[in-house]
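*Asks:* One structure, pasted below without further comment.
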Amino acid sequence: MRFLFFLFVVILLLLWAAFYSRPNNRKVSNALYGTAAFLAVLFVAGYLRFV
């Protein structure tokens, strides 16, 4: 469960960074959104494994 919490925090940090880097650099922002989406899929898979 600690790993899922850590993953959730990392996803939130990535989304925050992607949101605030959007006006300056779209490539970095899109890469951050993509990484957050990939980690969100891993988070859901891990959550469903525990349920």
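The values are calculated or read from the model by the stated rules, or taken from the named source; none is laboratory data. The structure displayed is predicted, hence computed values, not measured ones. Heads up, the Cβs are rebuilt from the backbone with ideal geometry, glycines too, and the neighbour counts pull from every protein chain shown. These area figures cover heavy atoms from the full protein model, side chains too; ligands, DNA and RNA do not enter into them. Shrake-Rupley method; radii C 1.70, N 1.55, O 1.52, S 1.80 Å.
*Asks:* Is there any pair with a first residue in the range 12-32 that is touching a residue at least 12 places away in the same chain (Cβ under 8 Å) and a second that is in a helix (DSSP H, G or I) and open to solvent by 60 Å² or more (accessible area, probe 1.4 Å) whose Cβ atoms are under 7 Å apart and which are 6 or more apart or on different chains, and what are they?
*Replies:* LEU14/THR35; ALA18/TYR33
*Asks:* How many residues are open to solvent by 80 Å² or more (accessible area, probe 1.4 Å) and of a type in the set (Val, Ile, Thr) when one looks only at the range 5-43?
*Replies:* 1
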